[in-house]
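**Student:** This is the structure I have questions about; it appears just below.
The values are calculated or read from the model by the stated rules, or taken from the named source; none is laboratory data. Just so it is clear, the model here is predicted, and its values are computed rather than measured. Backbone-built Cβ (ideal geometry, glycine too); neighbour counts: all protein chains shown.
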Amino acid sequence: MRSENGSRTYRIRIAKPTQPPPPSGYPVLYVLDANAVFGTAAEAVNVQGRRSDKTGVAPSLVVGIGYSSEEPFPPDRHYDFTLDSDPAVLPSHPRGEQWPPQGGARQFLRFLERCLKPEIARSYAVDASRQTLFGHSLGGLFTLYALFASPGAFRTYIAGSPSIHWNKGSILAEEAAFASRDSGANEEIRLLIAVGSLEENHKSRMVDHAHELGLRLNALNRPGLRVEYRSFEDENHVSLLPGLISRAIRFAGG
């Protein structure tokens, strides 16, 4: 699929349950970084969704948003998942190189809301009230932005090891705007923030930032907003993913 203005191209992967949809339609799990995690997410839903009574996981449509690349984390994700492009405020590149282009998160969110979600709804029987967005690292940062900018777009948001340190001022400004807005109809929104315990010593303070965000959001006492913070023991930034996916699909169904 192409973005609204035609400047971006995405590879969309879809896993449909073998079970027929319920009267309300399938729940939908939208997975960022599909090049890396779509297969894991699709199999987790496929296996656990067969015994919903035991697992709490409903047969669900899994929609992966990725790129025309064989790399697990193509550089294109930098543009789609970040808010601003000022290189002066970005972390130093570990190899002394320039970072890929930044700053397309607003455009990417429009693609999800105006292009991808309507196309999925036209093509499959889906439950619009049970949709989840899953992102990790920079994808976790984007997931937080999507929650703050468009809280009604999804019912559940999963932010794994979110890169809050990445041009931190931008996401904090979005958080402040979210906190100051009236919650409207007090619709139910779920957010799971997760980290690996082995990330505690990362120079970005990834664990601290994530934990502090969870505390701030819970302190809002916002009707309908449920925030859970979870640390996965003995997992690092990448090894966190399989366990988080399993937890995420249960969290979405709870």
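**Student:** Just to verify a result, which residue in region 77-109, among those that are in a loop (DSSP other than H, G, I, E, B) and within 16 Å of the chain's Cα centre (by Cα), is surrounded by the most Cβ atoms within 10 Å (Cβ to Cβ)?
**Tutor:** The selected residue is 82.
**Student:** Only residues in region 207-223 that are touching a residue at least 24 places away in the same chain (Cβ under 8 Å) and under 19 Å from residue 195 (Cβ atoms) count as the first member; pair them with residues that are hydrophobic (A, V, I, L, M, F, W, C) and not in a helix (DSSP H, G or I), Cβ under 6 angstrom, at least 6 apart or cross-chain, and list the lot.
**Tutor:** 207/195; 209/164; 210/193; 210/195; 217/227
**Student:** Among the residues of region 50-76, which ones are buried (at least 22 other Cβ atoms within 10 Å of the Cβ) and either more than 21 Å from residue 118 (Cβ to Cβ) or not small (Gly, Ala, Ser) (or both)?
**Tutor:** Listed by number, the residues that qualify are 57, 61, 62, 63, 65.
**Student:** How do the pairs read when you match residues in region 151-174 that are over 12 Å from residue 81 (Cβ atoms) with residues anywhere that are of a type in the set (Ser, Thr, Tyr) and surrounded by fewer than 20 Cβ atoms within 10 Å (Cβ to Cβ), using Cβ under 9 Å and keeping only pairs 6 or more apart or on different chains?
**Tutor:** Within 9 Å, the pairs are 151/183; 155/129; 164/204; 165/204.
**Student:** Might you let me know whether region 125-146 holds any residue that is more than 21 Å from residue 110 (Cα to Cα), of a type outside the set (Lys, Arg) and surrounded by 15 or more Cβ atoms within 10 Å (Cβ to Cβ)?
**Tutor:** no
**Student:** A follow-up question, please. Residues 210, 252, 248: which one is modelled with pLDDT under 95 and either of a type in the set (Ser, Thr, Tyr) or under 16 Å from the mean Cα position of the chain (by Cα) (or both)?
**Tutor:** After applying the criteria, what remains is 252.
**Student:** Please state which one of 231, 150, 197 is over 23 Å from residue 91 (Cβ atoms) and polar (S, T, N, Q).
**Tutor:** Of the residues listed, the single one that is over 23 Å from residue 91 (Cβ atoms) and polar (S, T, N, Q) is 150.
**Student:** Please go through region 23-42 and give me each residue that is surrounded by fewer than 21 Cβ atoms within 10 Å (Cβ to Cβ) and either at positive phi or among the charged types (D, E, K, R) (or both), ordered by number.
**Tutor:** 25
**Student:** Answer yes or no as to whether residue 7 is of a type outside the set (D, E, K, R), surrounded by fewer than 17 Cβ atoms within 10 Å (Cβ to Cβ), modelled with pLDDT under 95 and under 20 Å from residue 115 (Cα atoms).
**Tutor:** So residue 7 fits the description; yes.
**Student:** Among the helices (runs of 4 or more DSSP H) lying completely within region 147-254, list those that include at least 3 residues that are of a type outside the set (D, E, K, R) and loosely packed, with under 14 Cβ neighbours inside 10 Å.
**Tutor:** 168-180
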